[in-house]
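See below for the structure under consideration.
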Amino acid sequence: MINKKVNNVQEALQGIEDSMTIMLGGFGLSGIPENSIAELVKMNVTDLTCISNNAGVDDFGLGLLLQKKQIKKMISSYVGENAEFERQMLSGELDVELTPQGTLAEKCRAAQAGIPAFFTPAGYGTEVAEGKEAREFNGKMHIMEEAYKADFSIVKAWKGDVAGNLIFKGTARNFNACMAGAAKITIAEVEELVPVGTLDPNQIHIPGIMVQRIFKGEKFEKRIEQRTVRKK
């Protein structure tokens, strides 16, 4: 059995350089690869194109990379709770490609499956469709969307084994599942790393063939973007 375990986040992120395109799992602050993002900040790589549902918040998640102006382009479905993301977008400092959320997910999944392009009705007749091929299917117009092409995909899982098999927990499954295996190299950071054979095969969400490197993260903060409590 191939052992894909690396000793730490530094080893996991080897090869990431300026101007690369990186997919990062998570939705809001749920299921984001905290250790990897913090290490990217330390590495001071710049001119990155980041594909992520959103960019965290001002002082956490991808917001940390935005603060240091390490991201050249964000490909996301919405701005979220990140005021700095909004400021950079409106000022023209940051190139932003806003994409319908389902289309963003499918562009990741298509890359994962080796499908170069697909047709979707989402965005037809809007700015999203500008410059894209359009065709009619069953009386409805669709636009062609191409699968993403990324150098690295960085995902966060609850459990994983040294062969790269992954299990996500709850809503942290989100974009992590469709981004695993959707880039040239997939890196998985996990809360618990176990030997091969420990995980129930029926519970595995992503098979190890889609993961090239896996490591055990530490000190996960798991912040809540908007904490809501019930009134007494």
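Take the Cα radius of gyration of the chain and divide it by 2.2 N^0.38 Å, N being the number of residues; the result is 1.03.
Computed over segment 145-232, the percent of Cα pairs more than 24 Å apart is 25. Between the C-alpha center of segment 171-224 and that of segment 155-170 there is a gap of 3 Å.
Protection proxy ranking for 133-142, 39-48, 113-122, using the average of other Cβ atoms within 10 Å per residue and placing the highest first: 39-48, 113-122, 133-142. In terms of its C-alpha gyration tensor, segment 166-217 comes out rounded, because the ratio a/c of the largest to the smallest axis stays below 1.5. Element breakdown for the chain at a 1.4 angstrom probe: carbon and sulfur atoms account for 49% of the accessible area. For the chain, averaging the sequence separation of C-alpha pairs within contact (under 8 Å, six or more residues apart) and dividing by the residue count gives a relative contact order of 24 percent.
Straight-distance candidates among the aspartates and glutamates for linking to LYS159, with alpha-carbon spacing under 16 Å and chain neighbours fewer than 8 residues away dropped: GLU34, GLU189, GLU191, GLU192, ASP200, GLU218.
Segment LYS219..ARG135, full-extension length gain: 25.3 nm, with 0.36 nm per residue of separation and the alpha-carbon distance subtracted.
No disulfide-compatible partner, judged by a Cβ distance under 4.7 Å, exists for the following cysteines of the chain: CYS50. What is the distance in Å between the Cα centres of segment 1-51 and segment 128-144? Answer, in whole Å: 34.
Please check which bits of segment 105-123 a label hung off TYR78 would reach, taking the label as a point 7 Å along Cα-to-C-beta and the cut-off as backbone N under 17 Å. Only 105-106, 123 pass the distance filter.
Within straight-line reach of LYS140, meaning a Cα separation under 19 Å, sit the following lysines at least 8 residues removed in sequence or on another chain: LYS132. For the residue pairs LYS107/LYS219; LYS68/LYS169; LYS69/LYS156; LYS4/LYS69; LYS73/LYS156, the alpha carbons lie more than 26 Å apart in LYS107/LYS219; LYS68/LYS169; LYS4/LYS69. Note on ARG230 and MET144: their simple-model spin labels are 5.3 nm apart, each label 7 Å out from Cα toward Cβ. Net charge dipole, the chain: roughly 760 debye, given to the nearest 20, about the Cα centre with Cβ charges of +1 for Lys and Arg and -1 for Asp and Glu.
The values are calculated or read from the model by the stated rules, or taken from the named source; none is laboratory data. Predicted, not measured: the structure shown is a model, and the values here were computed from it. Cβ coordinates were reconstructed from backbone atoms using ideal geometry, including for glycine residues, and neighbour counts include every protein chain displayed. Heavy atoms of the whole protein, side chains included, go into the accessibility calculation; ligands, DNA and RNA do not. Shrake-Rupley method; radii C 1.70, N 1.55, O 1.52, S 1.80 Å.
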